[in-house]
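First the structure, in the form of structure tokens, and then the observations on it.
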Amino acid sequence: MKLAGLKKSFDGTCVLDGINADLPEHGLVGVAGVSGAGKSTLLRILAGLEQPDAGRVEGCPERVSVQFEDDRLFPWMDVLANVTLVGCDDAVAVELLESLGLAGKLHARVEELSGGQRRRAALARAFAFPAQVALLDEPTARLDEESASLVLDVVQRRCYDMLVVAATHDKQVIDRCSIVLQI
Amino acid sequence: MNLFGDGKRKAAAFPRGVGTVLFIVLALAIWETVALAVAAPYIVPKPQDVAVRAVELMVTTGFWQAVGWSLLRVLVGFACGMVLGVACALPMAAWPHVRAVFAPFVKVMRTVPVVCFILLMLLWVNATWLSAIISALMVLPVAWTGAIEALDSIDRGIVEVARVFKLGAMRRLFKLYLPAIAPQLLSTAVVGLGLAWKSGITAEVLALPMFGMGSGIYHAKIALEAADIFVWALVIIVISLAMETALRACASHFPGWETSR
């Protein structure tokens, strides 16, 4: 995937100013930068949820998965139903949730989960969707160090067969990235 | 600014249910006073006379047949109106062109007096199901308005999730959009149910089906049996309030709970 001169402004404020990068087919790519630097906007452009004002994304696969910064889990479904919503089998969803330490929360209400548990459930949903690229917006936000390490182990295992792009402030994430885009 | 302070605190001044009991006592006292002042039972019967008449009616088969048929018609009309209203709202919310063409129809329906629909329908349909059709026609624009406002206000985040994960139309509708608007739809349903009762019974009064509370009201009026009219009115109020309470109870439990078990 190639990012060529991506630019984006909101209400006259330039958020992205000419982002260029070549991204590999698989591996963990970090997008780092201060708050407001445009990390989430870049992910939204890669997901096709935002159109750049200038520039283009070349070779973007059709199926791109997203872990949204605000989780976007649905309170009218339990945790497992939130994950299988994307069309995967129950077994796949259960395995993912178990690998993320949520084995005991499969049938819990979303409102019963802590912030960190919601974060992991949202990550499970992102990985349950069969995609070539996963875009993770602050994957370790609201996680304690132990949970963050668990999450990053799962992320790294997925990186062998897909590209994972993570917008993050977390040094622990940056340290595990093969490429870091500083914006 | 509320001149009388915090409304919630005022409402909590009475224990639960006491306000209702006081209202009933006050209403009965006013009713009794008016009945004594008028002193004409064929115009305003006393509450105790209405109670006696209610017991007399309740032991007859005809009373329960009338209640059952009216209930069935109103519920069928209400359900059809809600389903049709939501079904009309879905394409209108999705496609602005469809909305531009069909929205005026629904607005016109909302403004036409119910009696016009009833008299027109009397020419076209059988009296047995006329009140169900009228209830549906009255509920439809309310359901449509409620559904389209709810669909318009669906969080952009939900739409983005559906888009990113490439959810099909049915999955979007039944897993995301309908559950998301369900609380608002239930509030609309409470309003629609009241309308269904009012319009359905009015239609029965004019169409005179074989069994129906509206027919009972009409026959009581012809026979100058004011007590019977009061009984029917009270039965309608009790059933309508019971159904509204049940709907509100459903609404209070949302967001709903779907398990994958």
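Values as computed for the structure displayed
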{"item": "Subset of B:LYS107/B:LYS166; B:LYS107/B:LYS221; A:LYS7/B:LYS166; A:LYS7/B:LYS175; B:LYS46/B:LYS107 violating a 32 Å alpha-carbon distance limit", "result": "B:LYS107/B:LYS166; B:LYS107/B:LYS221; A:LYS7/B:LYS175; B:LYS46/B:LYS107"}
{"item": "Efficiency of FRET from Cβ geometry, A:GLU25 and B:LYS221, R₀ 56 Å, rounded to 0.05", "result": "0.10"}
{"item": "Separation in nanometres of the label points that stand 7 Å from Cα toward Cβ, at B:ALA103 and B:ILE237", "result": "4.0 nm"}
{"item": "For A:LEU136, residues with placed amide H under 5 Å, excluding near neighbours", "result": "A:GLN67, A:VAL165, A:ALA166, A:ALA167"}
{"item": "Fraction of accessible area attributable to carbon and sulfur, segment B:82-140 (%, probe 1.4 Å)", "result": "80 percent"}
{"item": "Backbone HN-Hα couplings from phi across segment B:191-206 [Karplus 6.51/-1.76/1.60, Hz, Gly and Pro as x]", "result": "5, x, 5, x, 5, 4, 5, 4, 6, x, 5, 4, 4, 5, 4, 8"}
{"item": "Extension gain from B:LEU84 to B:VAL159, taking 0.36 nm per residue of separation minus the Cα-Cα distance", "result": "24.7 nm"}
{"item": "Relative contact order (percent, whole number), segment B:47-252, Cα cutoff 8 Å, 6+ residue spacing", "result": "30 percent"}
{"item": "Chain B - charge dipole about Cα centre, Lys and Arg +1 at Cβ, Asp and Glu -1, debye rounded to 20", "result": "940 debye"}
{"item": "Nonlocal amide H pairs with A:ASP78, under 5 Å, H built at 1.01 Å", "result": "B:GLU258, B:SER260"}
{"item": "Point-to-point label distance, B:VAL190-B:ARG16, nm (Cα→Cβ direction, 7 Å offset)", "result": "1.5 nm"}
{"item": "Reachable aspartates and glutamates from B:LYS198, criterion Cα separation under 20 angstrom, eight or more residues apart if same chain", "result": "B:ASP228, B:GLU244"}
{"item": "For chain B, calculated [θ]222 nm from helices alone, where every DSSP H run of n ≥ 4 adds -39500 (n - 2.57)", "result": "-26000 deg cm²/dmol"}
{"item": "Nearest 10 degrees, 0 to 90: helix B:96-111 Cα axis against chain B principal axis", "result": "10 degrees"}
{"item": "Inter-chain Cβ neighbour average for residues A:70-76, partner chain, 10 Å", "result": "5"}
{"item": "Rounded to 10°, Cα long-axis angle of helix B:18-38 versus longest principal axis of chain B", "result": "40 degrees"}
{"item": "Solvent-accessible area per residue for the protein assembly as shown (1.4 angstrom probe, square angstrom)", "result": "51 Å²"}
{"item": "P(r), alpha carbons of chain B - 10 Å bins starting at zero, rounded %", "result": "6, 22, 26, 24, 15, 5, 1, 0"}
{"item": "Solvent-accessible ranking of A:SER9, B:SER240, B:SER135, A:SER35, largest area first, probe 1.4 Å", "result": "A:SER35, A:SER9, B:SER240, B:SER135"}
{"item": "DSSP H segments from chain A that extend 15 Å or more along their own axis, Cα-based, with Kyte-Doolittle mean of -1.0 or above", "result": "A:115-128, A:145-158"}
{"item": "Note, ³J(HN,Hα) from phi for segment B:74-80, Karplus 6.51, -1.76, 1.60, rounded to Hz, x at Gly and Pro", "result": "5, 5, 4, x, 4, 5, 4"}
{"item": "List A:GLU62, B:GLU204, ordered by accessible area with a 1.4 Å probe, largest first", "result": "A:GLU62, B:GLU204"}
{"item": "Candidates per chymotrypsin sites (Phe, Trp or Tyr not before Pro) in segment A:50-127, loop by DSSP, up to 14 other Cβ within 10 Å", "result": "none"}
{"item": "Per-selection Kirkwood Rh - the protein assembly as shown (Cα, Å, 1 d.p.)", "result": "26.6 Å"}
{"item": "Buried area at the B-A interface (accessible, heavy atoms, 1.4 Å probe, summed, Å²)", "result": "2200 Å²"}
{"item": "Rh by Kirkwood over Cα pairs, then Stokes-Einstein D for segment A:2-182 at 1.567 mPa s and 4 °C, µm²/s", "result": "78 µm²/s"}
{"item": "Dipole moment magnitude, nearest 20 debye, segment A:2-182 about Cα centre, only Lys, Arg, Asp, Glu C-beta charged", "result": "240 debye"}
{"item": "Order of exposure, largest accessible area first, which applies to A:HIS169, A:HIS107 with probe 1.4 Å", "result": "A:HIS169, A:HIS107"}
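The values are calculated or read from the model by the stated rules, or taken from the named source; none is laboratory data. As the structure is a prediction and not an experimental result, all values here were calculated from the model. A quick note on method: Cβ atoms are made from the backbone with ideal geometry, for glycine too, and the neighbour counts reach across all protein chains shown. Ligands, DNA and RNA are stripped out before the accessible areas are found, and what is left, the full protein with its side chains, is counted by its heavy atoms. Shrake-Rupley method; radii C 1.70, N 1.55, O 1.52, S 1.80 Å.
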